[in-house]
Amino acid sequence: MNLSKLTPAEGSVKNAKKRIGRGQGSGKGGTSTKGHKGAQSRSGYSAKRSFEGGQMPLQRRVPKFGFKNINRIEFRGINLDVIQALVEVNKIDTIDFDFLISKGLAHKNDKIKVLGRGELKSKVEIKVHAFSATAKAAIEAQGGTAVSI
């Protein structure tokens, strides 16, 4: 006996699709298996994804929390190791906002902040919107300048 060759008994499985609404003689005419009245018996009925049968939905049971600060300034962070790689590849000593846009590291509406991850080995002048304290210290330790625009 091989378990992979087991099949159901002959005639026990029906493959035919249930044909609904084809008259009383079919046994599935009249209400077409939808019961009597109510939203689900009507044409065009579809419940919202969040509908829970009249129970208070989850998004209304769970309280709101926190807030969105409308005055927050979103910065795009660029780390020192990225700046070091730019300096080595492009052989430059000044990095400004337009250069970063041309290299695809920022978009024209971004505000850029230099962050302190990595190590800077070159003297470089950087002109962007903001600097973290560690990044500014690392730039000035190499003899470079950090200019906020």
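Scan the range 70-81 and tell me whether some residue there is under 25 Å from the mean Cα position of the chain (by Cα), surrounded by 10 or more Cβ atoms within 10 Å (Cβ to Cβ) and over 29 Å from Phe131 (Cβ atoms).
There is no residue in the range 70-81 that is under 25 Å from the mean Cα position of the chain (by Cα), surrounded by 10 or more Cβ atoms within 10 Å (Cβ to Cβ) and over 29 Å from Phe131 (Cβ atoms).
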| task | Being closer than 16 Å to Phe75 by Cα and part of a strand (DSSP E or B) is the filter here, so list the residues in the range 92-125 that pass it. | result | Asp96, Lys111, Ile112, Lys113, Val114, Leu115
| query | Got a sec? Which of Gly66, Gly44, Gly25 is out of contact with any helix residue (DSSP H, G or I) (no Cβ under 9 Å at 6 or more places or on another chain), in a helix (DSSP H, G or I) and surrounded by fewer than 11 Cβ atoms within 10 Å (Cβ to Cβ)? | reply | Gly25
| note | In the set Leu105, Leu58, the lone residue that is at pLDDT 90 or above and outside the structural domain of Gly29 (by TED's automatic domain parsing) is Leu105
| message | Return the residues of the range 126-149 that are touching a residue at least 24 places away in the same chain (Cβ under 8 Å) and either more than 23 Å from Lys91 (Cβ to Cβ) or in a loop (DSSP other than H, G, I, E, B) (or both); say none if nothing qualifies. | response | His129, Ala130, Gly144, Ile149
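The values are calculated or read from the model by the stated rules, or taken from the named source; none is laboratory data. Source: prediction; values computed, not measured. Glycine also receives a Cβ, built like all others from the backbone with ideal geometry; neighbour counts cover every protein chain displayed.
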